Amino acid sequence: MKKFLVLGVLFLLPIFAYLFFSSGVNHFAKLPILTNQVKDVNQFNTNQDSAVSFQDKISIVAFFGNDPEDLKGNTFNLDQKILEKFYQFKDFQFVIVLPEDARPQTQKFISDFSAVTNSDYWKMVYGTPSQVSEVFNSFKTDLQLDKNLQTPYVFIIDKDKNLRGRDDDEDKGMLYGYDSRSVSELNNKMNDDVKVILAEYRLALKKYNKEEEE
């Protein structure tokens with residue numbers, strides 16, 4: 001009986017892994033590149049011991065502006081539906097881009113959230129208003145920052161600093177960013193797309209390792 005149980009687990013595990021990464025409309029197709037080579041944040045100040053960069057990381061990027069408290073509900077949605085599912089992937093990061101003046105409010109914001117999530121995974125980067133705008137504008141989306149340098153939309157940046165999204169979304173056509181106010185959009189579209197890009201890199205790494213062995 002024990003032998004059959006082990007064999008059953010070995011048989012079912014790859015199937016469950018496949019279903020996890022392939023669920024959704026994109027399956028194993030690559031998530032489209034919408035903008036090449038966005039502006040990096042490696043020159044920004046940070047709450048980390050070292051500089052934060054989009055390079056060689058899969059980054060979820062948010063612009064919280066001068067008053068992060070305004071987006072507290074949105075952040076809770078994002079954390080519960082996206083972030084907590086993928087924190088364990090070492091190449092995955094959540095980057096929050098802020099103006100330097102928001103640093104005091106940000107510390108309270110992080111403290112409030114530490115009771116419900118592991119905010120240690122959040123990487124805050126601080127720049128001048130013009131630097132924040134420059135990074136956002138480099139994404140070349142159809143969205144805008146408001147007067148507080150804030151937007152409820154969050155973005156997927158790949159390891160080569162490219163903006164990923166959908167170029168044939170059934171609702172919007174070009175889907176540059178994901179609305180953190182919408183649990184449905186996070187739970188369905190963004191969750192699916194993060195799985196796709198993770199699967200894409202896993203398959204590329206598997207192929208590379210195989211070629212190295214040959």
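The values are calculated or read from the model by the stated rules, or taken from the named source; none is laboratory data. Everything quoted here is computed from the prediction, not taken from an experiment. So basically every Cβ, Gly included, is an ideal-geometry build from the backbone, and we count neighbours across all protein chains shown. We work out accessible area using only protein heavy atoms, side chains counted, and drop any ligands, DNA or RNA first. Shrake-Rupley method; radii C 1.70, N 1.55, O 1.52, S 1.80 Å.
Going by average Cβ neighbours within 10 Å, how do the peptides 96-107, 61-72 rank, with the highest at the top?
On the way: 96-107: 17.8, 61-72: 20.6.
Those peptides, ordered most packed to least, come out 61-72, 96-107.
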Accessible area per residue, 1.4 Å probe, Å², for region 35-94: what's the number?
45 Å²
Could you work out the percent of alpha carbon pairs in region 41-154 separated by over 26 Å, rounded to a whole number?
11 percent
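What is the gain in length, in nm to one decimal, between Ser50 and Lys85 on full extension, counting 0.36 nm per residue of separation less the C-alpha to C-alpha distance?
10.1 nm
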Partners for Lys140 among aspartates and glutamates (Cα-Cα distance below 18 Å; same-chain residues under 8 apart left out)
Asp40, Asp158, Asp160, Asp167, Asp168, Asp169, Asp179
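Could you calculate the contour length gain from Phe76 to Asp171, that is, 0.36 nm times the residue separation minus the distance between their Cα atoms, to one decimal place in nm? Write out the running numbers ahead of the final one.
Working: separation 95, 0.36 × 95 = 34.20 nm, distance 2.42 nm.
That works out to 31.8 nm of additional length.
Multiply the residue separation of Val183 and Asn137 by 0.36 nm, subtract the distance between their alpha-carbon atoms, and state the gained length in nm to one decimal. Intermediate results must be reported in sequence, preceding the final value.
Working: separation 46, 0.36 × 46 = 16.56 nm, distance 2.57 nm.
Computed gain between Val183 and Asn137 is 14.0 nm.
One quarter of the convex hull surface, Cα atoms only: what value does that give for region 127-183 in nm²? List each step's numbers first, then the result.
On the way: hull surface 19.0 nm².
If I average the Cα hull's projected area over directions, I get 4.7 nm².
At a Förster distance of 30 Å, what's the computed FRET efficiency of Ser130 paired with Gln107, Cβ-Cβ distance as r, to 0.05? All intermediate terms of the calculation are to be shown ahead of the outcome.
On the way: r = 23 Å, r/R0 = 0.78.
Computed FRET efficiency for Ser130 and Gln107: 0.80.
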